[in-house]
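A quick write-up on the structure given underneath.
The values are calculated or read from the model by the stated rules, or taken from the named source; none is laboratory data. All figures in this text were calculated on a predicted structure; none of them were measured in a lab. Quick reminder, even Gly has a Cβ in these numbers, built from the backbone with ideal geometry, and neighbours come from all protein chains shown. Calculation scope for accessible area: heavy atoms of the full protein, side chains included, ligands and nucleic acids excluded. Shrake-Rupley method; radii C 1.70, N 1.55, O 1.52, S 1.80 Å.
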Amino acid sequence: MVRILSVVGARPQFVKLAAVATAVSAAGHEHVIVHTGQHYDAAMSDVFFAGLRIPDPEVHLGVGSGSHGAQTAAMIHGLEAVLEQRRPDWVLVYGDTNSTLAAAVAAVKLHLPLAHLEAGLRSFNRRMPEEHNRVLTDHAADLCLAPTQVAMRHLAAEGLAARSVLVGDVMTDVCLEVRRQVAASAPPLPAGLSPGGYLVATLHRAENTDDAARLRSVVGALARLDTPVLLLSHPRLVERARRHGVDLATGSLHAVPPLPYADTVAAVVRSCGVVTDSGGLQKEAFLLGVPCTTVRTETEWTETVDLGWNVLVPDPAGLAAAVARPRPAPTGATPYGDGTAARVVVAALTGVQQMSADPLPENGGLSSR
Ligand code: UD1
């Protein structure tokens, strides 16, 4: 039996954890879940654990919000004691948040084997905190678990091929399963929105929310669209909008608090398009067959763009034309796998563990594919 310790803290990590927790327990391995507390609102955390049936975290650090330095430092400090006490066979970290980087630093300083799930994604935009989090975590990790071939190529280009393995995308596992579950249920839509006649929008990235003029211009462009917009409002958006005096209840906007995962999937499936700066939602729109418009200069999920289902519109002036574009041609391509990635993740972790003498071989015991 292998002891895996997962560190999570932010909403997209709970979705990935849902797939991994199921697969780890099905394979009969021990799994300790540690929550840093980066996301603490019930709507951002508890409802994901309950809705996706994730076991409660054994440890909750309760770190909360703060500047990058204060938040990340508090997490490293809290995690060090937990990791020292538990000494798992693997510390598993997810994605690109401050919780990811903090756990990576804490683990490697204690010489604990570190695996990074969703390794190899790159925006090549060094102004994004997430880009630094992912690059630093990949280079610290003993095992880079990559979701796509593109991610594998990025890892190889940075000299990390020998410790990288293509496992597929665990968010696909969850998204496809939840789509099956919600197929028959109607999403909770505010008055004035009808199936097929609204857009789903989210906005939370620092580059879109922190600067008052930028936030005003993106929100203004959304509010002026002809189609009603269901704006799933991340707490960061709500907080910055209040601070900058930007109205989220105007024009076409129907701003609602963040939805549980299943309701989000149900809302997207019945929408006519998605407008977002989220990474995960771009991919979920693709998996659910809904055209996406991304309010950023680049994306890590380039396959969605290459296949015609996502367009990058950094300038809010281009938003109206982008959402009115013709629906893309259907594609049978499955760049994000078939919904069985979590099993491959567990096989990779336990395979390496069983093969490896202590310490881990330099390449993590795996060859790149
Ligand atoms: C974080 C991740 C981002 C990820 C996102 C998903 C980093 C650097 N960023 O961004 O990559 O896409 O999570 O949601 O780790 N807040 C609350 N309640 C909460 C959480 C946040 O009110 O439960 C507010 C606070 O005002 C806080 C702000 O949101 O200051 C930002 O939260 P933080 O966790 O620092 O980053 P996110 O913007 O959520």
Requested in this report: Give the stretch 65-95 a look and list any residue that's under 19 Å from the mean Cα position of the chain (by Cα) and more than 18 Å from SER45 (Cβ to Cβ), or say none.
Outcome: HIS68, THR72, VAL91, LEU92
Report summary line: The condition from (1) away from the ligand (no atom under 16 Å from the Cβ); (2) at pLDDT 95 or above; (3) open to solvent by 50 Å² or more (accessible area, probe 1.4 Å); (4) in the same structural domain as GLU284 (by TED's automatic domain parsing) that ALA186 misses is numbered (2)
Report summary line: By residue number, the members of the stretch 248-268 that are open to solvent by 20 Å² or more (accessible area, probe 1.4 Å) and within 12 Å of LEU189 (Cβ to Cβ) are HIS254, VAL256, LEU259, ASP263
Query raised in the report: buried (at least 22 other Cβ atoms within 10 Å of the Cβ), within 25 Å of the chain's Cα centre (by Cα) and either farther than 19 Å from ALA324 by Cβ or within 16 Å of the ligand (Cβ to nearest atom) (or both): does that describe VAL238?
Result: no
Query - GLN13 vs. criteria assigned to a loop (DSSP other than H, G, I, E, B) and among the polar types (S, T, N, Q) - result: no
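So that you can scan it fast, the table gives a plain yes or no per residue for (1) touching a Leu at 6+ places or on another chain (Cβ under 8 Å); (2) open to solvent by 10 Å² or more (accessible area, probe 1.4 Å):
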{"position": "GLY120", "(1), (2)": "yes, no"}
{"position": "PHE124", "(1), (2)": "no, yes"}
{"position": "PRO129", "(1), (2)": "no, yes"}
{"position": "ASP138", "(1), (2)": "yes, no"}
{"position": "ASP142", "(1), (2)": "yes, yes"}
{"position": "GLN149", "(1), (2)": "yes, yes"}
{"position": "HIS154", "(1), (2)": "yes, yes"}
{"position": "ALA157", "(1), (2)": "no, yes"}
{"position": "LEU176", "(1), (2)": "yes, yes"}
Query raised in the report: How about the stretch 252-338: which helices (runs of 4 or more DSSP H) wholly inside it have at least 3 residues that are among the small types (Gly, Ala, Ser)?
Result: 261-269, 279-287, 319-323
Report summary line: Flagged in the stretch 190-205 as open to solvent by less than 50 Å² (accessible area, probe 1.4 Å) and either within 16 Å of the ligand (Cβ to nearest atom) or under 18 Å from ALA249 (Cβ atoms) (or both), in numbering order, are PRO190, LEU193, TYR198, LEU199, VAL200, ALA201, THR202, LEU203, HIS204, ARG205
Report task. Just name the residue that is farthest from the ligand (Cβ to nearest atom) out of those in the stretch 27-49 that are touching a residue at least 12 places away in the same chain (Cβ under 8 Å) and part of a helix (DSSP H, G or I). Result -> PHE49
**Report entry** PRO330, sole failed condition from (1) open to solvent by less than 40 Å² (accessible area, probe 1.4 Å); (2) more than 19 Å from the chain's Cα centre (by Cα)
**Finding:** (1)
Report summary line: Log entry, pairs with first residue in the stretch 128-155 being of a type in the set (Ser, Thr, Tyr), second being at pLDDT 95 or above and crowded, with 24+ Cβ neighbours inside 10 Å, beta carbons closer than 6 Å, six or more apart or on different chains, reads THR137/THR100; THR137/LEU101; THR137/ALA104; THR137/HIS116
